[in-house]
1. Out of the range A:616-646, which residues are near RNA strand B (Cβ under 10 Å from one of its atoms), assigned to a helix (DSSP H, G or I) and without any contact (Cβ under 8 Å) to a residue 40 or more places away in the chain?
2. Quick one: in the range A:507-517, which of the residues that are near RNA strand B (Cβ under 8 Å from one of its atoms) and open to solvent by 30 Å² or more (accessible area, probe 1.4 Å) is farthest from A:I636 (Cα to Cα)?
3. Quick check on the range A:652-681: of everything there that is among the β-branched types (V, I, T) and within 13 Å of RNA strand B (Cβ to nearest atom), which residue is modelled with the lowest pLDDT?
4. From (1) in contact with a helix residue (DSSP H, G or I) (Cβ under 6 Å, 6 or more places away or on another chain); (2) at pLDDT 90 or above, pick out the condition that doesn't hold for A:S865.
5. Out of everything in the range A:356-370 that is open to solvent by less than 20 Å² (accessible area, probe 1.4 Å) and over 20 Å from A:F399 (Cβ atoms), what residue ends up being nearest to RNA strand B (Cβ to nearest atom)?
6. Do we find a residue being under 40 Å from the mean Cα position of the chain (by Cα) and either free of Cβ contacts under 8 Å to residues at least 60 places away in the same chain or within 12 Å of RNA strand B (Cβ to nearest atom) (or both) anywhere in the range A:331-338?
7. Identify the residue in the range A:28-44 that is acidic (D, E) and part of a helix (DSSP H, G or I) and, among all such residues, is farthest from RNA strand B (Cβ to nearest atom).
8. Is it fair to say A:I946 is over 16 Å from A:E995 (Cα atoms), without any contact (Cβ under 8 Å) to a residue 60 or more places away in the chain, within 13 Å of RNA strand B (Cβ to nearest atom) and open to solvent by less than 80 Å² (accessible area, probe 1.4 Å)?
Amino acid sequence: MYPLYKSLNLSKIDESIREFWEEHNIFEKSIEQRPVENSFVFYEGPPSANGKPGIHHVMARTVKDMFCRYQSMKGKRVERKGGWDTHGLPIELAVEKELGITKEDIGKKVSVDEYNKACRETVMRYKDMWDDLTRKMAYWVDLEKPYITFENTYIESVWYLLKRLYDKDLLYKGYTIQPYSPKAGTGLSSHELNMPGAYKDVTDTTVVAQFKAIPDTLPDFLVGEEHLHFLAWTTTPWTLPSNTALTVGPKIDYVLVQTYNQYTFQPVQLILAKALVGKQFSGKYEAVEDAADLANYEAGAKKIPYFIKKECKGADLVGIRYEQLLPFALPAENPENAFRVIAGDFVTTEDGTGIVHTAPTFGADDAMVAKKANPPVPPLLVKDQQDNLVPLVDLQGKFRPEMGEFGGQYVKNEYYMNDDAPDKSIDVQLAIKLKTENKAFKVEKYVHNYPHCWRTDKPVLYYPLDSWFVRSTAMKDRMVELNKTINWKPKHTGEGRFGKWLENLQDWNLSRSRYWGIPLPIWRNEDGTKEICIGSLEQLQTEIDKANAALGKTQEVPKDLHRPYIDDIVLVTEDGEPMHRELDLIDVWFDSGSMPYAQWHYPFENQEKFKTNYPADFIAEGVDQTRGWFFTLHAIGVMAFDSVAFKNVVSNGLVQDKHGQKMSKSKGNAVEPFETLATYGLDATRWYMISNAQPWDNLKFDADGIGEVSRKFFGTLYQTYNGIFAQYANIVDFNYKEDYVPLAERKSIDRWIISKLNSLIKDVNADYADYEPTNAARRVQNFVDRDLSNWYIRLNRKRFWSQSYGKDEITAFQTLYDCLVTVAKLMAPISPCFADWLFRNLNDASQKEGAESVHLADFPEADESAIDTALEERMNYAQRISSLILSLRKKENLRVRQPLAKILLPVLDPSFIEQVDGVKDLILSEVNVKEIEYLTDASGVIKKRIKPNFKTLGRRLGKDMKAAAQAIGGFNQDDIANLEKTGSYTLVVGDNSHELTLEDFDISAEDIPGLLVANDGPLTVALDITLDDQLLAEGTARELVNRIQNIRKSKDFNVTDRITIYLEQNDAVVPAVEHFKDYICNETLATSLSLTDAVADGEKIELPNEVSIGIQVEKA
RNA sequence: CCCGAAAUGGCGCAAUGGUUAGCGCAGCUGUCUUAUAUGCAGAAGGUUGUAGGUUCAAAUCCUACUUUCGGGACCA
């Protein structure tokens, strides 16, 4: 017996199926039943369990799950090792907030042990919730043996990878400009900079400085100009002593302006961007037309005249040298290359002067453009007492002694404690100095947005810091090359976003100065001349032994490889000199990018396992991981193993709210995943997500859409199974025990749906294989709704509830069973529970297949021999012709229950008759008409329409196409007839004549004058609507059947109950009863039908033409 | 500022450069049903974001712009 249900409850179904899986270890079986050699490798990008999962995780994990399930059903062994990302700043912050401490308190208020322990616990804070989601959304992933990035085995593998890079000379230590908080003494990540409130409006003293050009170095067109200065603007005057270059935009227009300095009244000539003259020379400045007018100026006058003397491009200025603005110190290295004009593309004329003050020690752009220049411009670094190169500002944020009277002062007043700050900040003091030295063109207050340290609330300095880098640029070309072998979904992410990113690759800053993360396994001696990179615990042990011997210590490999334990380990150089660990941790992205190796503790264990599981066939994550996980996987794969780490990657888009807005807790539009899953069930939720938008498009998540999916798709499918198949199959005891009825012996409608089904199988396979799940889902949906339910079932209902059970019925049940069980398999990857429910409902009763779950079954393969495109086309005619007839009936208010005499079909092509004849009976019964008559051309009543065939003609006719279309449009019926007779036509357009054949035209029937006609594209049908008594009587009989059936239903009779009918004598029904008594009785399972004068206690039924009669229906 | 994606009836989505731009949802009108959480038919709803260009022909290709989303601006 097939189970029957009272109603469809999707969440109940998914719950019961999930229980079934767990009880019978279906997941495990789905892996183990497939051979090891035939693997499909999937990598799980580790989520961080210290945040709660959201609805977007349901989306992302559906994508992962779907393709894994598909491949699994295709016979692949798909292991899915889960993992947890456990390091990183968010975890540290959460812990510190919870413990109420700051970084400084670590080791003081809180022991490092406690801190570490707290991190370990916090990191798994929401693990239960994640596990719950995993289960409730039916995401199959192995959470029994996940990889966890904080475990020693994982760290050891990461160390191995780092050492591999180190040995290839791909790790180095260098300077980079980073946001730095002097008060906190630490660099800040952008993550920290992006914390709410970090950017604040501040008022700073800004200076437009005058840099005096050195006459010897001027290009020809400026030779001889005196008092020549470049104007450059800065909002951070304290960086001016570190200026070593001025940057101009090579394509920007610059002018030479002759005027007077407003502070010293001295004559000056100034160079700045043409576009900014108006902005800089505002207020008391006044343009003059003639250079002579400048001479009239007197010092201190209200208005200062200025005159634009010359114009040039930025490129013309490159190479000019200038006097150092504030000569406190010279760059320690290559000072001869400093203080000159260089070119940079980032220069704009938005504000300032179009000339950028360039201090490579304090600006990232500055450092880059300085390095690019030829020869490179040196940063202003000086040597400290240990001969280290340091900037003019120290790590506390104070000027170094080289700065003379400014030495020892904080560069920003905010850094002073309490009230120690001087009245005039460094910026103001410098501005005053510049003013008096004729080096300041303008000094102003300026309000702008500037980042602050979230912890100290003090402004951030951009400051050069020591960092360890991965020399990814060295392997750039190879990364680009190998990326081209990766199948990206969508393509543009791989070519565009990722490809461009690779082409503009920078070295990867690996350093993080934190506690909770993987320590950089590099030890260095005091002066940094000797170092060692540790690649395994064994090596660490060896080195510790050496060190213990040399230093007389008793160190051991720490049980926990995290800080600070690892920091206590002192190693020695070959000379016995102590080496200490570089205190940095590594970027957590390196952790996750290491997972292909570290999840197996490769190469220390599982070497074989690794070999068969690398690289991945498939990974999927959000598009935001492009430069995150996707990159680190790829970079490490290429750099360490010269291999891609994944072959196919789906980068899914965002899940937004229904208005296209980003979901966030603060907006209150975040969708709660558990609620959604509980309300709609996981199957409808997943189906909705996949069918509604392609995974890489942003999904506008609207719960109403899930409702629609569950009504339309799941409701239909449920009803097809429950209301049609199971109910009647149980009655006739269909268990698929009979021999399979060969296709050739089936009705054309059966062969049609089977053909459709196999086409579907073929297409869906291609879609899944090509990572196009949305197409797959939409195809299945259309099949179920349009083909199966609304055509096949509708036309074959009677075969299912006919009480007899012969070959025809068996065929129908077999056909429907096959459709249903196949649909279950096709949809299984997307909606795994409902699919299994359907599969098991069918299969448990029929025992047709051995699989105990759809997920252990094989994915269907198309039987090409069952695909009959001619038949599919035929049926398409049937559907369209029926639809046209129904619309004609509608127009004329002719009920379908009223039979009509005939359909007239104009025929222009003999094969058309053959095609339609094949489905004639279907059409006739569907639209309730007695016969089809073909109107051939010869009848002469068909009015035709002609159109040019643009596809064949367009290419040949080119420019004449328009005229041709017009000419052809003007054809009358005779022209068309003529063309059809001769089969050719000579078209003359202007001077050209073209020989056209029938192929170049579309001729279709348009009208049959005098008849009721409707068109759909080339199809035309006409309807004969004359009614005779016989037809009217039959129409009435059908009405009666309908009313009687309604009564049966309202009286809750069983489907099989027999009845007796008494009908009130009435002229309207007499002919019907006379001629169609048997028909009425058959349809309504009546044993008798009698006409009586009056019906004692029956009911009234309404018939057309406002006839109302009494009727009595009783169980026989 | 740079890069990528998108823009098609009220909403969600389709449409190998080829002539009536489709489908679903919602709303409207009517209707069928002993499978319906349906279905069917009809009406309405569009200058395919704007402006140019290429072409015989553009929703589709090109350019610019506008808007939205995302990423980046050295944290990846």
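1. A:D624
2. Among them, the one singled out is A:R512.
3. Here is the first cut: in the range A:652-681, the residues among the β-branched types (V, I, T) are A:655, A:671, A:676, A:679.
Now narrow it down to the ones that are within 13 Å of RNA strand B (Cβ to nearest atom): A:655, A:679.
Working: A:V655: 81, A:T679: 89.
Restricting to residues being among the β-branched types (V, I, T) and within 13 Å of RNA strand B (Cβ to nearest atom), the top hit is A:V655.
4. (1)
5. A:V369
6. The first filter runs over the range A:331-338 and keeps only residues under 40 Å from the mean Cα position of the chain (by Cα), leaving none.
Taking every residue of the range A:331-338 in turn, none turns out to be under 40 Å from the mean Cα position of the chain (by Cα) and either free of Cβ contacts under 8 Å to residues at least 60 places away in the same chain or within 12 Å of RNA strand B (Cβ to nearest atom) (or both).
7. A:E32
8. For A:I946, the condition - over 16 Å from A:E995 (Cα atoms), without any contact (Cβ under 8 Å) to a residue 60 or more places away in the chain, within 13 Å of RNA strand B (Cβ to nearest atom) and open to solvent by less than 80 Å² (accessible area, probe 1.4 Å) - is met.
The values are calculated or read from the model by the stated rules, or taken from the named source; none is laboratory data. Everything quoted here is computed from the prediction, not taken from an experiment. Ideal geometry is used to build each Cβ from the backbone, glycine not excepted, and the neighbour counts take in all protein chains shown. In case anyone asks, the SASA skips ligands and DNA or RNA and just uses the protein heavy atoms, side chains included. Shrake-Rupley method; radii C 1.70, N 1.55, O 1.52, S 1.80 Å.
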